[in-house]
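The values are calculated or read from the model by the stated rules, or taken from the named source; none is laboratory data. From a predicted model like this one, the values you see are computed outputs, not experimental measurements. When we count neighbours, we look across all protein chains shown, and the Cβ atoms used for this are built from the backbone with ideal geometry, even at glycine. Side chains are part of the model used for accessible areas, which takes the heavy atoms of the whole protein and leaves out ligands, DNA and RNA. Shrake-Rupley method; radii C 1.70, N 1.55, O 1.52, S 1.80 Å.
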Amino acid sequence: MAIDGKPYANYMQGSCVSTYFQKDPWWRLDLRGVYDIISIEIIRRVDCCIYELDGADIRIGDSLENNGNNNPRCAVITVSSSVTMTFNCNKMRGRYVNIFHPGVAKIVQLCELKVYATTQITGDNVALRGVAMQSAPPASAAAAPLMAIDEHPGPSYANETCASVPLQDNPWWQLDLRSIYRITAVSIISNGNSEELNGAEVRIGLRNDTSNQRCAVISISEGQLKYDYQCGVMEGRFVHVVLPGLKKTLTICEVLVYGTVLENVALRGVAFQSSLRTKTSGEASKVIDGRQFETCSKTKDEPGQWVTVDLLVPYNVTLIQLAYLEDCYHSDDVQVDNKSCKAIPSRSQSLVTLDCGGVVGRYVTVMHPEEPPPLCEVEVYSTWENLENIFPQSPLPHVCKGARL
């Protein structure tokens, strides 16, 4: 609640947080990355107990020792008549911001906390590799979704290259990066109209909807057009800009996304399949050649077919992505060493992401219980290689007559 972007100072408005009265209470914000923090702004409660925060420490650092309360101190809070209190932290570096109130029978209550930090964005803008869409058709081609990833921000070009969602409830704009990235920063360029972007949320994740994790809430400042947000490290395929509220128009002139694509460990492996549809097309190696929709594996056109990727060593498999030809229907069971992965809901039937929960395994099998569609790519993503590998480093023999590996 204390980072929801709502400056409400009355507890009854539902936008404040509070611990119980206890010994040494604390509240912590994880920035999901290390920042040089310039200042901290706190909005205290006004309807009651206004001095309960007096004497609390603001602590900043990278350590979680003692729940982060042993990190260096930025300031000691002294409550005054001002509802909004600002504390200069002189570019203290850290990932965690703690409000720590040492003592017996103390409480931490705050209604909003803002962190101001230096933002240095480096690397390539990967948004250009994606596909954009939005919650409602644009009024004209000049306001189409792709205008927000055309590298021509509107304010520099007479506002001619901005994506705009017409008036509706909770409008959104979406970027599908088509691969899974480790995203570190996002930049948003406004057209200067605060009503059409102020309060919008930037959300990043693997789901093809607006429920992904929030990276930032956009707060428009007069005269400022570009807003940079560091997201720590967030893994995702989709970037959404959502403007909550009734009867809103959402306008975005440019979205820039900075990050690196996760390594697809399937490229290191060997692929096999239950059968070949013809002698000359569709061999299993095409599902691990890195060409997402250009080459496809084709088994016999009958139920019970499968494709297996041997990763050669066990991996901690977190995610799998399957690429099919456009508009292919799929109802496949995807397993890592006989443990099934769960498909993440998506509007797309051509690029399917599955959550495997970090299961350790060597063999990734896509089973087709019905007539199989052409499978173009199997991408496997892992957080770490299993160091206690006791399996031989050799692929399975190639079996072509319908038997399961």
**Prompt:** Which value, in Å² rounded to 10, gives the accessible area of residue 179 with a 1.4 Å probe and all protein chains present?
**Reply:** 30 Å²
**Prompt:** What FRET efficiency comes out for the pair residue 91/residue 355, r = Cβ-Cβ distance, R0 = 35 Å, nearest 0.05?
**Reply:** 0.35
**Request:** Can you send over the solvent-accessible area of residue 302, 1.4 Å probe, protein chains only, in Å² to the nearest 10?
**Result:** 80 Å²
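Just the accessible area per residue of the stretch 182-233, please: how many Å² with a 1.4 Å probe?
Numbers: 2240 Å² over 52 residues.
Averaged over the residues of the stretch 182-233, the accessible area is 43 Å².
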**Label-point gap, in nm, between residue 194 and residue 338 - each point 7 angstrom along Cα→Cβ** = 6.3 nm
**Kirkwood-Stokes translational diffusion coefficient of the stretch 226-314, alpha-carbon pairs, 25 °C, 0.890 mPa s, µm²/s** = 141 µm²/s
**Extreme residue, positive dipole direction of the stretch 3-64, given options 27, 14, 38 (C-beta unit charges)** = 14
**Distance histogram in 20 Å bins (all Cα pairs of the chain, percent per bin)** = 24, 45, 28, 4, 0
**Message:** Using a 10 angstrom Cβ neighbour count of at most 14 plus a DSSP loop assignment to flag exposed trypsin sites (Lys or Arg not before Pro), which longest range of the chain is free of such sites?
**Reply:** 24-246
**Item:** In range of the label at residue 38: residues from the stretch 94-119 whose backbone nitrogen is under 16 Å from the point 7 Å along Cα→Cβ
**Value:** 94, 114-119
**Prompt:** What's the carbon and sulfur percent of the chain's accessible surface, probe 1.4 angstrom, rounded to a whole number?
**Reply:** 50 percent
**Request:** Just reorder 310, 301 by solvent-accessible area, largest first, 1.4 Å probe, all chains present.
**Result:** 301, 310
**Prompt:** Under a plain spin-label model, where a point goes 7 Å from the Cα along Cα-to-Cβ, how far apart in nm are residue 209 and residue 128?
**Reply:** 3.4 nm
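Excluding ligands, DNA and RNA, what is the solvent-accessible area per residue of the stretch 1-152 at a probe of 1.4 Å, expressed in Å²?
Working: 7840 Å² over 152 residues.
For the stretch 1-152, the solvent-accessible area averages 52 Å² per residue.
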**Complete:** Restricting to Cα pairs under 8 Å and 6 or more apart, the percent relative contact order of the stretch 232-366 works out to 21 percent
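Please list the equivalent ellipsoid semi-axes of the stretch 173-223, computed as the square roots of five times the alpha-carbon gyration tensor eigenvalues, in descending order and whole angstrom.
Numbers: eigenvalues 106, 25, 20 Å².
For the stretch 173-223, the semi-axes come out at 23, 11, 10 Å.
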**Asked** What ³J(HN,Hα) values, in whole Hz, does the Karplus curve 6.51 cos²θ - 1.76 cosθ + 1.60 give for the stretch 284-299 when θ = phi - 60°, with x put for Gly and Pro?
**Response** 4, 4, 5, 7, 10, 9, x, 10, 3, 10, 8, 10, 9, 8, 10, 8
**Request:** Show 8, 324, 51 ordered by accessible area, largest first, where the area counts protein heavy atoms only and the probe is 1.4 Å.
**Result:** 51, 8, 324
**Asked** How much of residue 285 can a 1.4 Å solvent probe reach, expressed as accessible area in Å² and rounded to 10?
**Response** 70 Å²
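So, for the stretch 241-369, what is the accessible surface per residue at a probe of 1.4 Å, expressed in square angstrom? Write out the running numbers ahead of the final one.
Values: 5310 Å² over 129 residues.
On a per-residue basis, 41 Å².
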